[in-house]
Amino acid sequence: MYIPEFNRVEDRALALEFMRANPFAILVSPNPSGPFATHLPLLIDNSADRVTLRGHVAKANPHWQMLNDDVLIIFHGPHAYISPMLYEIRESVPTWNYAAVHVYGKGRVITEESATRQVLDDLITQFDSSYNQQWNSFSDEYRNRMQRHIVAFEIAATRIETKFKLSQNRTKIEQENVIRALAENSDSAISGVAALMRQQGLGVERT
């Protein structure tokens, strides 16, 4: 993706933190009829300096048949319209602030039943641990039947690009104006941009 240098984030730990905070991603694969996309939650594993993403799709979804090629996974976070009224210079134009991480990698379908079950268990633990007891109380027949309706996969990341477009090219005063305006909004997607800007040390330093 296009990333001006002042919007580029090279910190791998920050990228992983953002991915884990925004795990509902878009998986995109090439296809003869055009790019094919699926929206889905993902598990993010980082060990031995290797990032691996795991998840599953419905077996009826043909996307699992496209995972042997290069894939793109888009993690998207808070975003907000930025009015030029917040800038000191009158001759300014509107823009949009946002944060995103693009992960490129190689996909692999998981065929082992035990490994597929592990993906399911890990997803439940990650997103709804209170459901674990209920899930484990079901009969093996039911759980196996449900498992046959999904296809688990893993993607080994080969490249990670992180873009935080957060008014880094504006003055501290203008950044502060943006933060205060967005922070007052009841929409978490908008106020989340203000929080992210604060986390990145933008705006006027507080004493």
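Ordering 34-43, 75-84, 88-97 by mean Cβ neighbour count within 10 Å, with the highest value first, yields 75-84, 34-43, 88-97. Counting only Cβ charges, +1 for Lys and Arg and -1 for Asp and Glu, the dipole size of the stretch 5-171 around its Cα centre is about 260 debye.
Taking a straight line from the alpha carbon of residue 163, these aspartates and glutamates sit under 13 Å away, with near neighbours fewer than eight places off in the same chain left out: 5, 10, 11. Which one, (1) 43, 40, 28; (2) 58, 39, 28; (3) 66, 41, 33, gives Cα extents along the principal axes in Å as derived from the coordinates shown? Among (1) 43, 40, 28; (2) 58, 39, 28; (3) 66, 41, 33, the one calculated here is (3). For residue 59, the lysines whose Cα comes closer than 22 Å to its Cα, not counting residues fewer than 8 places off in the same chain, are 106. Taking other residues whose beta carbon is less than 11 angstrom from the beta carbon of residue 72, and scoring Lys, Arg as +1 and Asp, Glu as -1, yields -2.
The numbers here are math on the coordinates, done by the rules we state, and not lab data. Computed from a prediction, not measured in an experiment: that's the story for all the values here. Reconstructed Cβ throughout: ideal geometry from the backbone, glycine too, with neighbour counts over all protein chains shown.
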